[in-house]
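The values are calculated or read from the model by the stated rules, or taken from the named source; none is laboratory data. Computed from a prediction, not measured in an experiment: that's the story for all the values here. Ligands, DNA and RNA are stripped out before the accessible areas are found, and what is left, the full protein with its side chains, is counted by its heavy atoms. Shrake-Rupley method; radii C 1.70, N 1.55, O 1.52, S 1.80 Å.
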Amino acid sequence: MDVEASIDKRIQAEFRAAQARWREALDAHRLAPPDAGFSARLAALSKAASAEAEACREAEAARFEWPPHRAASSQPPYELRPDSGRRGPDELWRRFDAAAADLSRAAAGTDILAVADAYAELGEAAGQLAETIEREDEASGLLQPRRARRSA
């Protein structure tokens, strides 16, 4: 096997792994109750979106194309939709909603770098929401505050 074929196989494997991680993160949100795990699910979504962005950028650098596979009207899981009673600041949710819409549009096309950028923006928006909601949940008592660890 030549070096280029080996690199292609690695990139394809990383791309599939990032997509699987993305699906798992989305599945965690489907019909999830509003609970203390909400911020952790958002944090996982943020990391999965960031992994997708990186996988797309690597795939583009290796001259792969994005395989359009989503309808432009696809929506995030229920707990992430505006009508779900989601917690957190409206301005951060507006950013998240815009990023999700951008991702849906980009994923229906063929520009892999546009998809990477959309995943990156969604990852940043979800990350900010996760941090903010975690702080709010700690302040309300829904979550136990993280304690600083002492070194031995």
Once the Cα gyration tensor of the stretch 9-152 is diagonalised, what are the square roots of 5 times its eigenvalues, in whole Å and ordered largest first, as equivalent ellipsoid semi-axes? 29, 19, 12
In Å and on Cα atoms, what radius of gyration and Dmax does the stretch 91-137 show? 11.8, 40
Residue-normalised accessible area of the chain, given per residue in Å² at a 1.4 Å probe: 60
What percentages make up the Cα-Cα pair-distance distribution of the stretch 65-113 when the bins are 5 Å wide from 0? 5, 21, 24, 20, 13, 10, 6, 1
At 20 °C and 1.002 mPa s, the Stokes-Einstein diffusion coefficient in µm²/s for the stretch 19-68, with hydrodynamic radius from the Kirkwood sum on alpha carbon pairs, is 178
